[in-house]
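A.B. asks: The following block contains the structure, expressed as structure tokens.
The values are calculated or read from the model by the stated rules, or taken from the named source; none is laboratory data. Being a predicted model, the structure only gives us computed values, none of them experimental. Neighbour counts are summed over all protein chains in view; Cβ atoms, including those assigned to glycine, are modelled from backbone coordinates with ideal geometry.
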Amino acid sequence: MQLGRMLVNAGVITEFQLQKALEEQKKTSDKLGSILIKLGYVKEEQLLKFLSLQFKVPAVSIEPQDVDPSILSLIPPDLAHRCEVFPIRRKGRTLILAMVNPADFSAIDAIKFKTNLEVEPVIISYSKMKMLLDKFYKITKEVAKVEEETSGETFELDEAEVDTGSVEVEEEEEEFDYSQATSQPIIKLVNYLITNAVRKRASDIHIEPFEKVLRVRYRIDGVLQTVLEPKYSLKNAIVSRIKIMTGTMNVAERRIPQDGRIKIKVDGNPIDLRVSIIPTIYGEKVVMRILDKTALMLDMTMLGFEPDNLEKFNAAIEKPFGLVLVTGPTGSGKSTTLYSALAKLNKPEIQILTVEDPVEYNIMGINQVQVNEEIGFDFAMALRAFLRQSPNVILVGEIRDTETATIAIRAALTGHLVLSTIHTNDAPSTVNRLIDMGIEPFLVSASLNLIQAQRLMRKVCQKCKQPAELDEKLLREADIDINFLKGSTIYAANPKGCPACNFTGYKGRIAVTEVMPISNTLRDMILNRANTDQIREQARKEGLRTLREDALIKLKRGLTTVEEVIRVTAAI
């Protein structure tokens, strides 16, 4: 039975509406279903149900998280777009294939020929097909163009090729504008990988060679996501291009780790990339850390501080001297917090010096210094020099050793405000970490203003989040007090996601903090070598809120999910 007649018989549309749609079809040659939707006579979900009956194939609603990335390569991107098909899964010698038009037998034959598999069609809506093709085949479509252009070419670059200028090398101090893509295939591919990562808000790009696969992953909101697997033969060309862009790396050297930096523009915005390359058994692995100056939040109220914790932190950095430490693992937002503090302190009457490894962001009005271990210019040497420069505020990128800690504390005790980071799990344990490094307790006691531990937690997408029931069993297993959450609306990430969050259910991150000002009582306890548990107990009496408790406050405010609270704070 014809689709229009089925809809009329079912009472979904009237005879008049069908005739009007058929008249429109004669003018436009569009599909009847599309016209009925455009005219507002049927909804897409209704139409899909009747199309399933008409074609006698199941209707499905596949979501991004249901996609098996391993089978995407079975169908070339151009073929998927041309035929409007999407592979769902493979069952032995049969490919389950989502189609907009399951009666398109030429498309089915083309997929059979290309994959050498039997095809079992299912039907999905046009909007769902468009979303899947745009999300999973858009980038691979770009890569496919490059792979076609590079077919039969070799990209083994050596020093001679670089020296003769056969590949354009940017001067280190100049910026390379990615909006002006060149025609060279590998340059276009690397450009695309970087611009796509920036637009997706990625913090890192990982390019990883394995035995037979080259994998590219982006770290978005702290979680790695596979974005594509380019042709394996391109791996050396991609790495060589990245080395050339740094202007400092040895293209011919593949046996030792190398570090570099790239300055570029994406959509007119300046971007810095910190590049690290290491040799693995299957080739060189690349990690590019994206430092987007436009995305750096220097307003501390935007970082996720609860008002009381922000007040404590501001009070500590507004003192004329003393040591403020921010602690947490790599990627916990320590640098962003300290840069925000510097931005708040950055005034014409204040002299600020920083020593960093490396300098991640340049801030006008602040004197920033980068260490150079190769010539012996380390944190300790820089700090000694700083003390002769009459600074008001000093930032030390990281306290890594006893010498750096000693000089930083000496500076804090001689009229300077010193900000730094250190690696510990929480605020109370930082005290004994300094003492274990060889710093005398009386120096630790006298110098400390405040210690802040922090983590970064993903924010649930505010556009598609869903109210959730409290899972008492899960909360008990995670040692979370369910009574604290009762009466509050708790949200879960939408498993389908939406375009705003790139179909992940999460968008952006927020800081979870544990702020411990050093009171006179705590100073006395440190002086008397109190252990970490004793310091924690006293700090709790004085109002210390743990990382877990701070995360739960954000959960109650609808900013995150139970799963994210557990993920971020479970090991603390």
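A.B. asks: Filter the range 476-499 for residues that are in contact (Cβ under 8 Å) with a residue 40 or more places away in the chain, surrounded by fewer than 16 Cβ atoms within 10 Å (Cβ to Cβ) and β-branched (Val, Ile, Thr) and give the result.
C.D. replies: Within the range 476-499, 489 is the sole residue that qualifies.
A.B. asks: Looking only at the range 323-351, which residues are closer than 23 Å to residue 444 by Cα and not in a helix (DSSP H, G or I)?
C.D. replies: If the condition is that a residue be closer than 23 Å to residue 444 by Cα and not in a helix (DSSP H, G or I), then 323, 324, 325, 326, 327, 328, 329 are the ones that fit.
A.B. asks: Now, a different point. May I ask you to verify whether residue 32 is surrounded by 14 or more Cβ atoms within 10 Å (Cβ to Cβ) and at pLDDT 75 or above? Before you say what the answer is, go through the steps one by one.
C.D. replies: Working: surrounded by 14 or more Cβ atoms within 10 Å (Cβ to Cβ): yes; at pLDDT 75 or above: no.
Taking the combined requirement at face value, the residue does not satisfy it.
A.B. asks: What are the pairs with Cβ atoms under 9 angstrom where one residue, in the range 414-427, is in the same structural domain as residue 443 (by TED's automatic domain parsing) and the other, located anywhere, is acidic (Asp, Glu) and part of a loop (DSSP other than H, G, I, E, B)? Sequence gap at least six, or different chains.
C.D. replies: Cβ pairs passing all conditions: 417/318; 420/398; 421/398; 422/398; 423/398.
A.B. asks: Can you name the residue in the range 1-18 that is modelled with pLDDT of 75 or more and exposed (fewer than 12 other Cβ atoms within 10 Å of the Cβ) and, of all such residues, is farthest from residue 49 (Cα to Cα)?
C.D. replies: Result: 16.
A.B. asks: Also: For residue 551, indicate whether it is assigned to a helix (DSSP H, G or I), surrounded by 16 or more Cβ atoms within 10 Å (Cβ to Cβ) and in contact with a Pro (Cβ under 9 Å, 6 or more places away or on another chain).
C.D. replies: On the way: assigned to a helix (DSSP H, G or I): yes; surrounded by 16 or more Cβ atoms within 10 Å (Cβ to Cβ): yes; in contact with a Pro (Cβ under 9 Å, 6 or more places away or on another chain): no.
Criteria not met by residue 551.
A.B. asks: Another question, then. Take residue 160 and decide whether it is over 19 Å from the mean Cα position of the chain (by Cα), farther than 19 Å from residue 275 by Cα and either part of a helix (DSSP H, G or I) or at pLDDT 90 or above (or both). If you could, list the steps in order and put the result at the bottom.
C.D. replies: On the way: over 19 Å from the mean Cα position of the chain (by Cα): yes; farther than 19 Å from residue 275 by Cα: yes; either part of a helix (DSSP H, G or I) or at pLDDT 90 or above (or both): yes.
Judged against the criteria, residue 160 is a match.
A.B. asks: Could you please find all residues in the range 182-226 being at pLDDT below 85 and acidic (Asp, Glu)?
C.D. replies: Once the filter is applied, which keeps residues that are at pLDDT below 85 and acidic (Asp, Glu), the range 182-226 yields nothing.
A.B. asks: If I filter the range 266-279 for residues that are more than 18 Å from residue 336 (Cα to Cα), loosely packed, with under 14 Cβ neighbours inside 10 Å, modelled with pLDDT of 90 or more and among the β-branched types (Val, Ile, Thr), do I get at least one hit?
C.D. replies: Initial filter on the range 266-279 (more than 18 Å from residue 336 (Cα to Cα)): 266-269, 275-279.
Next, from what is left, pick out any that are loosely packed, with under 14 Cβ neighbours inside 10 Å: 267-269, 278.
From the residues that got through so far, the ones that are modelled with pLDDT of 90 or more too are 278.
Pick out the ones that are also among the β-branched types (Val, Ile, Thr) and you get 278.
Checked against the condition, which is being more than 18 Å from residue 336 (Cα to Cα), loosely packed, with under 14 Cβ neighbours inside 10 Å, modelled with pLDDT of 90 or more and among the β-branched types (Val, Ile, Thr), the range 266-279 yields at least one hit.
A.B. asks: In the set 383, 474, which member is part of a helix (DSSP H, G or I) and under 30 Å from residue 494 (Cβ atoms)? Break it down stepwise before answering.
C.D. replies: Working: 383 fails: under 30 Å from residue 494 (Cβ atoms).
None of the others qualify; the one that does is 474.
A.B. asks: For residues in the range 345-397 being closer than 26 Å to residue 301 by Cβ and among the acidic types (Asp, Glu), which is surrounded by the fewest Cβ atoms within 10 Å (Cβ to Cβ)?
C.D. replies: 349
A.B. asks: Looking at the range 322-344, which of its residues are of a type outside the set (Gly, Ala, Ser), modelled with pLDDT under 95 and surrounded by 17 or more Cβ atoms within 10 Å (Cβ to Cβ)?
C.D. replies: Step one: list which residues in the range 322-344 are of a type outside the set (Gly, Ala, Ser), which gives 323-327, 329-330, 334, 336-339, 342, 344.
Filter once more, keeping what is modelled with pLDDT under 95: 329-330, 334, 336-339, 342, 344.
Scanning the range 322-344 gives 334, 336, 337, 338, 339, 342.
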